[in-house]
Amino acid sequence: MIRRWWAAADRAGGGRWLDLALYASGAAFAGLTAATSTLLPHRAWGAIAVVGYAAAAVLAPFCRSTRTRALLTGAAWAATALLPMLSQAAQRVGGRTDRAQEEVVVVEEAGRRLLDAGTPYLPSETIAALPPGDWLLAYLPYQPGMALFGLPRASAGTAWWTDARVWFAVATAAALVLAARTLLAEPPGGDARAVLRGAQAATVLPVCALTLATGGDDLPVLALCLLALSLCARGGFGAAGIAAGLAGALKLFAWPIIVVLLVLALVHGRRRLARLAAGAVGLPALAVVPALLVDARALVDNVLLFPLGRGLVTSPAQSPFPGHLIAEHAPGGRAIAAALLLATGVAIALHLLRRPPRTADAAAVVCAVGLFAGILLLPSTRFGYLLYPAALAVWSVALRAPDANATGSATTVTTAGTVKT
């Protein structure tokens with residue numbers, strides 16, 4: 001039913017009216033953010049992005065072909081994400097300290113530590129010796145690969161182009177372009193309109209544009225996961241493993257997606273499972289080895305204990321979703337939230353065992369539902385994390401077999417890339 005509703009909405013006006021709704025709602029969101037947000041980087045984003053969204057909304061009804069709609073999407077991404085990001089990066093070089101979220105500074109400092117000490121992590125006792133105001137920014141709650149985005153500033157100094165967000169954007173764009181080319185390549189070719197809609201969900205959707213402009217570390221992870229799913233849809237399980245492994249080496253958020261991809265590969269045979277696992281599991285493991293050898297305790301303090309609330313300071317990820325509200329206000333709330341999260345994980349695991357996904361689009365739907373439930377129930381979470389289930393849900397339509405996109409018939413793409421009814 002949801003798919004039929006979505007297909008009908010997407011067909012209206014050749015997709016132009018849904019484009020108009022996307023850009024108009026984006027303009028409203030950006031304007032509201034500029035006027036009311038308590039986060040100064042967000043307000044600065046909204047002041048610029050509202051103009052970009054409004055201009056795209058005016059132009060959307062006149063873009064009749066998929067090509068012109070794609071050009072407008074690219075221009076809108078530049079106006080609502082890249083331009084605000086570059087503006088904030090330049091102002092930050094000029095001395096503004098309120099033109100980046102904490103994660104940008106955290107990643108850049110991690111790059112400096114990686115260059116100097118061989119590990120991006122500080123142990124808790126070293127952090128405790130710092131002034132209390134510096135404790136939060138001294139933690140790196142990400143995988144070691146994330147520190148690579150901080151290397152430009154660590155090695156080349158302070159400049160607009162060494163801002164970590166610039167390199168987040170480069171990696172995001174590269175992964176999304178490869179994902180789109182993979183789905184549109186002949187044979188068997190894909191639905192260009194569905195791929196465009198999926199690209200919009202990962203770029204100009206307000207939560208994505210805002211995140212890239214002000215923080216940005218989630219966007220490369222998301223884009224690499226979308227690339228991995230796209231490669232699986234075309235039978236490239238080995239290459240998909242590399243893309244998923246790169247995502248897993250950046251952030252733990254990629255690991256639920258990796259698990260679902262492993263189940264998808266297993267359905268298609270042990271050989272494909274081995275190909276996927278080599279990259280999806282091997283690359284994150286290799287990324288962790290240097291940090292373990294240099295200071296294993298620091299790795300545990302940052303990646304495991306701090307996100308679980310056992311650091312010297314608590315995570316600023318405190319969006320008022322059910323898990324956070326239960327943990328903070330209910331008696332024994334943290335235990336209840338943890339139990340609910342565990343129960344959700346068990347339910348998804350049972351679903352994977354009983355009805356494992358056989359196609360990439362089915363895998364994307366499982367990932368979207370699972371991450372959405374997890375985000376709602378995590379005690380420490382952010383509104384921006386919703387970009388993962390939103391983009392995965394829309395991208396799942398692009399992953400469907402070409403005949404299914406065109407006719408709605410039950411078709412699948414085999415791992416050899418041929419269409420099978």
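For this structure, a couple of remarks:
- Residue match in region 345-354 (condition: at pLDDT below 95, surrounded by 17 or more Cβ atoms within 10 Å (Cβ to Cβ), touching a helix residue (DSSP H, G or I) at 6+ places or on another chain (Cβ under 9 Å) and more than 26 Å from Thr214 (Cβ to Cβ)): yes
- Test: Ala44 is hydrophobic (A, V, I, L, M, F, W, C), in a helix (DSSP H, G or I), in contact with a Gly (Cβ under 8 Å, 6 or more places away or on another chain) and closer than 19 Å to Ala169 by Cβ: no
- With respect to the conditions (1) of a type in the set (A, V, I, L, M); (2) surrounded by fewer than 22 Cβ atoms within 10 Å (Cβ to Cβ); (3) in contact with a Gly (Cβ under 8 Å, 6 or more places away or on another chain), Leu59 falls short on a single one, namely (3).
- Selection count, region 334-361, where residues are assigned to a helix (DSSP H, G or I), touching a residue at least 24 places away in the same chain (Cβ under 8 Å) and within 26 Å of Ala223 (Cα to Cα): 7
- The set of residues in region 306-326 being more than 24 Å from Leu137 (Cβ to Cβ) and outside any loop (DSSP other than H, G, I, E, B) consists of Pro322, Gly323, Leu325, Ile326.
- So Arg181, is it of a type in the set (D, E, K, R), without any contact (Cβ under 8 Å) to a residue 60 or more places away in the chain, assigned to a helix (DSSP H, G or I) and outside the structural domain of Ala47 (by TED's automatic domain parsing): yes
- Pick from region 371-421, criterion more than 23 Å from Leu231 (Cα to Cα) and in a loop (DSSP other than H, G, I, E, B), ranking: modelled with the lowest pLDDT: Ser380
- Filter pass, Arg197 being touching an Asp or Glu at 6+ places or on another chain (Cβ under 8 Å) and not in a loop (DSSP other than H, G, I, E, B): yes
- Every listed requirement among (1) assigned to a loop (DSSP other than H, G, I, E, B); (2) of a type in the set (Lys, Arg); (3) crowded, with 17+ Cβ neighbours inside 10 Å is met by Arg96 save one, (3).
- Boolean, Leu231 is touching a helix residue (DSSP H, G or I) at 6+ places or on another chain (Cβ under 9 Å), assigned to a helix (DSSP H, G or I), at pLDDT 95 or above and not assigned by TED's automatic domain parsing to the domain that holds Ala54: yes
- Index of the failed condition, Leu273 passing every other in (1) under 22 Å from Leu371 (Cα atoms); (2) surrounded by 15 or more Cβ atoms within 10 Å (Cβ to Cβ): (1)
- Whichever residue in region 24-81 is within 23 Å of the chain's Cα centre (by Cα) and among the β-branched types (Val, Ile, Thr) and, among such residues, is nearest to Ala12 (Cα to Cα): Thr73
The values are calculated or read from the model by the stated rules, or taken from the named source; none is laboratory data. This structure is a prediction, so every number in the text was calculated from the model and none was measured. A quick note on method: Cβ atoms are made from the backbone with ideal geometry, for glycine too, and the neighbour counts reach across all protein chains shown.
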